[in-house]
Amino acid sequence: MTILSLNLSGSYRLTTHEWNSNFPARLVNGNLPECLKSTSSYGGRINSPSYSISKNIQGRNGKGAKGIGVIAPKILSVATTVSSGSSGLGLLLDAYDDEYGGIIIDPEHLPSNANAFASILRTSLSNWKLKGKKGVWLKILQEQAHLVPVAIKEGFDYHHADRGYIMLTYWIPNDEPCSLPDGPTHQIGVGGFVMNENKEVLVVQENVCPCQCSGVWKLPTGFINKSEEIFSGVVREVKEETGINTEFLEVVAFRHVHKVAFEQSDLFFVCMLKPLSFDIRIDEKEIQAAKWMNLDEFLSQSFYEEDHMSKRVIDICVAAYENTYGGFINHHLTSKFDGKLSHLYYNHEMVKKI
């Protein structure tokens, strides 16, 4: 058995554990072994390397193992096993098993040459099919974008994209439906209801908004950032738009709607916040104006008289302010499913009664 391993530094080591007198003889004459000569898998020819021959290579068990060692620069970063005497390379992409019988390909070790990638990808898929693997996840970084058409041609499909990469998937079994989960489907928005002791609500008018909301005084709203919590996201949004510092109290309601932005679904969480400051300083890039508005004046706007859902949201917020309605408070808990600290939102007072 001959093992060829290549690393990120661009060097490889070839070791044959069964000594073959003909094999090193070709090396002594200055020629490459057949399995290292030009191959379509690499899309190019490997130049003659400098090499050294050793009949005593240290084995895993600490004992000397007969074989040869070859060192050469600038070879693709892959790892493979080649049968002794083979005239080609049975290359496999660097990958590891996921928890569901699938494969996750390492994006850092993809061949940069499109022809090499296509050849090794086909070989890898055949190997994984024989092993009974199911879903394959292929993350291609932005600088590797030229490999995307190659993967699509081999049967991969788009899953999702984010800054710096695109994720593709491939379902191997032909006799069962694909069970891979869909890509991200939701955007998450938050709105903050802030009312002071004078029953004045913190409201804003946005610079850019749908025409039906033009001129409407509304609650400060926005989207949470990636990996941001709901409670911290709403506090940040209110601060950015109005300059008001607040403390998160509870989630009082949320709305779920589909096919909003680019056919994505939307989750919008309405949160009660306690004001910690009162001097308004608006973000002029987003907000046209902001002020503390009397609650009755706020509700008398024709928009809220006509929009039953928005009116219901404000009624719930007022009830929560008057302690006649209890929302969901965030609690820090760790789950054994993933071992991570999570934020579970629930009605603490109702739990006490159980």
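The values are calculated or read from the model by the stated rules, or taken from the named source; none is laboratory data. Keep in mind it's a predicted model, so treat the numbers as computed, not measured. All Cβ positions, even for glycine, are placed from backbone atoms using ideal geometry, and neighbour counts span all protein chains on display.
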Only listed residue being free of Cβ contacts under 8 Å to residues at least 24 places away in the same chain, more than 38 Å from the chain's Cα centre (by Cα) and surrounded by 12 or more Cβ atoms within 10 Å (Cβ to Cβ), chosen from GLU297, GLU305: GLU297
Taking first residues from the stretch 236-248 that are over 18 Å from PHE269 (Cβ atoms) and second residues anywhere that are of a type in the set (Ser, Thr, Tyr) and surrounded by fewer than 18 Cβ atoms within 10 Å (Cβ to Cβ), the pairs with Cβ under 9 Å that are 6 or more apart or on different chains are GLY243/SER277; ILE244/SER277; ASN245/SER277
Among the residues of the stretch 73-96, is any part of a strand (DSSP E or B), in contact with a strand residue (DSSP E or B) (Cβ under 7 Å, 6 or more places away or on another chain), loosely packed, with under 14 Cβ neighbours inside 10 Å and at pLDDT 50 or above? yes
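Restricting to the stretch 251-266, give me the number of residues that are without any contact (Cβ under 8 Å) to a residue 60 or more places away in the chain and closer than 12 Å to GLY189 by Cα. Spell out the reasoning first.
Residues of the stretch 251-266 without any contact (Cβ under 8 Å) to a residue 60 or more places away in the chain: 254-259, 262-263.
Remaining after also requiring closer than 12 Å to GLY189 by Cα: 254-257.
Result for the stretch 251-266: 4.
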Look at VAL208 and say whether it is touching a Ser or Thr at 6+ places or on another chain (Cβ under 9 Å) and over 16 Å from ASP279 (Cα atoms). no
Residue by residue through the stretch 89-134, note down the ones that are within 24 Å of ASP175 (Cβ to Cβ) and touching a Phe, Trp or Tyr at 6+ places or on another chain (Cβ under 6 Å). ILE103, ILE104
Quick one: ALA145 ticks every box in (1) more than 14 Å from the chain's Cα centre (by Cα); (2) in a strand (DSSP E or B) except a single one, so which number is it? (2)
Kindly check whether there is at least one residue in the stretch 106-116 that is farther than 30 Å from ALA319 by Cα, assigned to a helix (DSSP H, G or I) and of a type in the set (A, V, I, L, M, F, W, C). yes
Hey, any hits in the stretch 171-188 for a residue that's within 30 Å of the chain's Cα centre (by Cα) and within 30 Å of TRP292 (Cβ to Cβ)? yes
Of all residues in the stretch 208-227, which are surrounded by 13 or more Cβ atoms within 10 Å (Cβ to Cβ) and farther than 22 Å from GLU263 by Cα? VAL216, TRP217, LYS218, LEU219, PRO220
Report yes if GLY192 is crowded, with 17+ Cβ neighbours inside 10 Å, in contact (Cβ under 8 Å) with a residue 40 or more places away in the chain and under 16 Å from LEU267 (Cβ atoms), otherwise no. yes
